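Notes follow the structure.
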Amino acid sequence: MSGVAEKFARLTPVPAYQMVAEAIEREILSGRLRPGDPIGTEAQLVRQFGVNRSTVREGIRLLEQGGMVQRDSSRRLAVGLPHYDQLATRASRALILHQVTFRELWEATMALSLATIDFAVERATEEEIATLEANIDATEARIDDPAAVAAYDSEFHLLLEKTARNRVLELAREPSNMLIYPTTHVAVQGTEQGARRLVEAHRMLVQALKLRDKELGRLWTKRHLIDWRKGFERGGNDLDQAVDLVTAPAALA
């Protein structure tokens, strides 16, 4: 048997504090523990898990970092709401580490954006529409600054996602959203036409909200994203190249 190639890596024992954190997280994600519910004192958790206090404290620290657990004014432990920005940052890192390509990013963005505009058309309020229009005016005022245009574009789409009022959809989009800013910067850099087409698309998307016209919204969503893809290619980039650390430094900020 000595000549048989090894197929399996050695098992690495999971630290006890990580097992504590995962056990509590499973109860939260299952819905058996909900935001605001107490999870017990450190002493109670020590007894339940049969570990020492330092192990419990380290497990709780992991959960606090992600917002799964929080302490109230009396330092009692309770279920919290996850820090979605931190979770998305980790997911964005995973996208980069898996070397996802611009084509994959574009295809996913197209699918999610079409769902977003459908709900936004149904649900946008006058106040939300006014906020989107203010964003467009601010973008137009900085039309010669590619970095500013890309930043306002990111803000516009975040605002649009808010109008859709679907938290699952919003969270699904968030990791890839962090990769869109730098690629949009690439797409509009060196050409004023690209920035002006971006502004035109944003205005037409807002017009679709005002008219409650899903077809118009979907039409301009597609045009907007096709322009993004063309601008990326126009910069000499391959659609099948990885959205890596060079192209997307902001994703790891």
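The values are calculated or read from the model by the stated rules, or taken from the named source; none is laboratory data. The shown structure was predicted, so the numbers you read here are calculated from the model rather than taken from an experiment. Positions of Cβ are generated from backbone atoms using ideal geometry, with glycine treated the same way; all protein chains shown enter the neighbour counts. The accessibility values were calculated without ligands, DNA or RNA, using every heavy atom of the protein model including side chains. Shrake-Rupley method; radii C 1.70, N 1.55, O 1.52, S 1.80 Å.
A compact table of results
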{"item": "Pick from the stretch 26-46, criterion surrounded by 12 or more Cβ atoms within 10 Å (Cβ to Cβ) and more than 32 Å from the chain's Cα centre (by Cα), ranking: farthest from Arg75 (Cα to Cα)", "result": "Val46"}
{"item": "Matching residues, the stretch 59-115, being modelled with pLDDT of 75 or more and among the polar types (S, T, N, Q)", "result": "Gln65, Gln70, Ser92, Gln99, Thr101, Thr109, Ser113"}
{"item": "First in the stretch 6-20 and at negative phi, second anywhere and part of a loop (DSSP other than H, G, I, E, B) and open to solvent by less than 100 Å² (accessible area, probe 1.4 Å), Cβ under 7 Å, 6 or more apart", "result": "Ala16/Val51; Val20/Val51"}
{"item": "Counted residues, the stretch 58-83 - those being under 13 Å from Gln18 (Cβ atoms) and open to solvent by 70 Å² or more (accessible area, probe 1.4 Å)", "result": "2"}
{"item": "Residue check for Thr183: of a type in the set (S, T, N, Q), in contact with a helix residue (DSSP H, G or I) (Cβ under 8 Å, 6 or more places away or on another chain) and modelled with pLDDT of 90 or more", "result": "no"}
{"item": "Lone unmet requirement of (1) open to solvent by 40 Å² or more (accessible area, probe 1.4 Å); (2) in contact with a Phe, Trp or Tyr (Cβ under 8 Å, 6 or more places away or on another chain); (3) at pLDDT 90 or above for Ala151", "result": "(3)"}
{"item": "Residues of the stretch 188-202 satisfying the condition of being of a type in the set (Lys, Arg) and surrounded by fewer than 17 Cβ atoms within 10 Å (Cβ to Cβ)", "result": "Arg196"}
{"item": "Some residue of the stretch 210-224 being assigned to a helix (DSSP H, G or I), touching a Phe, Trp or Tyr at 6+ places or on another chain (Cβ under 8 Å), in contact (Cβ under 8 Å) with a residue 40 or more places away in the chain and open to solvent by less than 70 Å² (accessible area, probe 1.4 Å)", "result": "no"}
{"item": "Selection from the stretch 4-25 of residues that are within 30 Å of Gly67 (Cα to Cα) and either assigned to a loop (DSSP other than H, G, I, E, B) or open to solvent by 100 Å² or more (accessible area, probe 1.4 Å) (or both)", "result": "Leu11, Thr12, Pro13, Val14, Pro15, Met19"}
{"item": "Matching residues in the stretch 19-39 - criterion: being modelled with pLDDT of 90 or more and in contact with a Leu (Cβ under 9 Å, 6 or more places away or on another chain)", "result": "Val20, Ala21, Ile24, Pro38, Ile39"}
{"item": "Any chance Arg142 is touching a residue at least 40 places away in the same chain (Cβ under 8 Å) and open to solvent by 50 Å² or more (accessible area, probe 1.4 Å)", "result": "no"}
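Residue by residue, here is whether (1) closer than 23 Å to Gln207 by Cβ; (2) without any contact (Cβ under 8 Å) to a residue 40 or more places away in the chain holds:
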position: Leu112; (1), (2): yes, no
position: Ile129; (1), (2): yes, no
position: Ala150; (1), (2): yes, yes
position: Glu161; (1), (2): yes, no
position: Ala164; (1), (2): yes, no
position: His185; (1), (2): no, yes
